[in-house]
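Encoded as structure tokens, the structure appears first; notes follow it.
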Amino acid sequence: DRTTSEPVVTVTGNVTIKGNVYIEGDDAGNEIGQTALRVSNGTLHLEDGSQLVAYGGSGKTLLYTDGGTAIDITEGSQITGDGKLVAIGGDVLWGNGGNAVSGKGTIATKKVFLQGATANTSNKAEAGKAIDGDVKVISSSTHIEDGTMISGAENDPLADLYWKAGINALPPLEKFTTTDNGNNGSDNGNNG
């Protein structure tokens, strides 16, 4: 059954990522794209030099489905380490754009790239948020942006960020640029 929005991967307890991991939620066959990753009751640790890229499932199978959330964090859980975390909300046709991160927890990695998905004004849809809920981000280098609204036939300004998995072996890693916030880290609070 491809109509689930339950996560592709659920991390429970303490898990360490070494190297590069790419997760993409499935397209929405029902109402919302699939969540790529859920961190539940534990800590996901990204080792130095590692990269975790998560995409919420797109809402493009049907016209008005919503984009999926890239990463869902349950209360008390965290993503830590000296690696780079990338989370991009699921892209859509006419539904609500997917969120990059949702839930309640902490992200404390060396680099963080969170991007909400674009939405179209034609259906009173809402753009995706970088952070939906109470997620604290502590990082020395970030990109945290909500999605924007476009109208009608405009091209998605974020199109180059999405992984064309059937065409390209890897996501467009060179596009996930972050801005240094200084050496002490930055607390971006509860953005959203």
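The values are calculated or read from the model by the stated rules, or taken from the named source; none is laboratory data. These numbers were taken from a predicted model, which means no experiment stands behind them. Neighbour counts run over all protein chains shown; Cβ positions are idealised from the backbone, glycine included. We work out accessible area using only protein heavy atoms, side chains counted, and drop any ligands, DNA or RNA first. Shrake-Rupley method; radii C 1.70, N 1.55, O 1.52, S 1.80 Å.
Note on segment 61-91: residues that are of a type in the set (D, E, K, R) and open to solvent by less than 10 Å² (accessible area, probe 1.4 Å) amount to 0. For segment 115-124, does any single residue satisfy the condition of being surrounded by fewer than 19 Cβ atoms within 10 Å (Cβ to Cβ), under 17 Å from residue 38 (Cβ atoms) and not charged (D, E, K, R)? No, segment 115-124 has no match at all.
Note on segment 10-60: residues that are more than 17 Å from residue 114 (Cβ to Cβ), hydroxyl-bearing (Ser, Thr, Tyr), outside any loop (DSSP other than H, G, I, E, B) and open to solvent by less than 70 Å² (accessible area, probe 1.4 Å) amount to 2. Within segment 108-127, being part of a loop (DSSP other than H, G, I, E, B) and touching an Asp or Glu at 6+ places or on another chain (Cβ under 7 Å) holds for 116, 117, 118, 127. Considering segment 95-107, the residues that are in a loop (DSSP other than H, G, I, E, B) and at pLDDT 95 or above include one that is surrounded by the most Cβ atoms within 10 Å (Cβ to Cβ), namely 98.
Condition check: under 18 Å from residue 165 (Cβ atoms) and of a type outside the set (Asp, Glu). Does residue 64 satisfy that? So residue 64 fails the test. Among residues of segment 7-26 that are in contact (Cβ under 8 Å) with a residue 40 or more places away in the chain and closer than 12 Å to residue 55 by Cα, those with a Cβ under 6 angstrom from a residue that is open to solvent by less than 80 Å² (accessible area, probe 1.4 Å) and basic (Lys, Arg), sequence gap 6+ or separate chain, pair up as 7/38. Residues in segment 128-163 that are free of Cβ contacts under 8 Å to residues at least 60 places away in the same chain, β-branched (Val, Ile, Thr) and open to solvent by less than 60 Å² (accessible area, probe 1.4 Å): 4 in all.
Screening residue 153 on (1) aliphatic (A, V, I, L, M); (2) in a loop (DSSP other than H, G, I, E, B); (3) modelled with pLDDT of 95 or more shows it passes everything except condition (3).
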